[in-house]
Amino acid sequence: MKMNTKVFKMTFASVYPHYLKKVESKGRTVEELHQVIEWLTGYTASDLNQIIENKIDFETFFNEAKLNPNAAKIKGVICGYRVENIEDPLYQKIRYLDKIIDELAKGKALDKILRE
């Protein structure tokens, strides 16, 4: 599998506005976005503000995150990759985040996204 490892050095701040636009354009809220990010990473809204302000890259973002033990239940295809088959742990975590934000934007119920 060819991965785009440039994403590891991209800042969370550079991608966050795209996440927000994607979910809000589909009628979801910033609070719901923060809820799914917090579920996956353990980061609160105030943590995210600090991460954005400090221009933290994705590698640091996930190295310092407390990944939810149910993250491995995230399955499916995002950006042409089946997330459960991605071998690089960091790349897989980035795609987990993409996948749950995509599910939020597509109108999936929060309890399903949060694998409860």
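The values are calculated or read from the model by the stated rules, or taken from the named source; none is laboratory data. All figures in this text were calculated on a predicted structure; none of them were measured in a lab. Cβ coordinates were reconstructed from backbone atoms using ideal geometry, including for glycine residues, and neighbour counts include every protein chain displayed. What goes into the accessible areas is simple: the full protein's heavy atoms, side chains included, and nothing from ligands, DNA or RNA. Shrake-Rupley method; radii C 1.70, N 1.55, O 1.52, S 1.80 Å.
The residue of segment 98-114 that is most open to solvent (accessible area, probe 1.4 Å), among those that are over 13 Å from Gln35 (Cβ atoms) and in contact with a helix residue (DSSP H, G or I) (Cβ under 6 Å, 6 or more places away or on another chain), is Lys99. Look at segment 14-40: where a residue is without any contact (Cβ under 8 Å) to a residue 24 or more places away in the chain and a partner is buried (at least 17 other Cβ atoms within 10 Å of the Cβ), sitting 6+ places away or on another chain with Cβ atoms under 7 Å, you get Leu20/Leu33; His34/Leu48.
Condition check for Ile86 on (1) modelled with pLDDT of 95 or more; (2) β-branched (Val, Ile, Thr); (3) surrounded by 17 or more Cβ atoms within 10 Å (Cβ to Cβ): one failure, at (1).
Only residues that are at negative phi, more than 15 Å from the chain's Cα centre (by Cα) and of a type in the set (Lys, Arg) were counted in segment 43-66, giving 0.
When segment 67-88 is limited to residues that are more than 27 Å from Thr44 (Cβ to Cβ) and part of a helix (DSSP H, G or I), the one that is farthest from the chain's Cα centre (by Cα) turns out to be Asn85.
A residue that is farther than 19 Å from Ala13 by Cα and surrounded by 16 or more Cβ atoms within 10 Å (Cβ to Cβ) occurs somewhere in segment 50-71. When restricted to residues that are within 12 Å of the chain's Cα centre (by Cα), open to solvent by less than 50 Å² (accessible area, probe 1.4 Å) and under 21 Å from Asp111 (Cα atoms), segment 2-36 contains 5.
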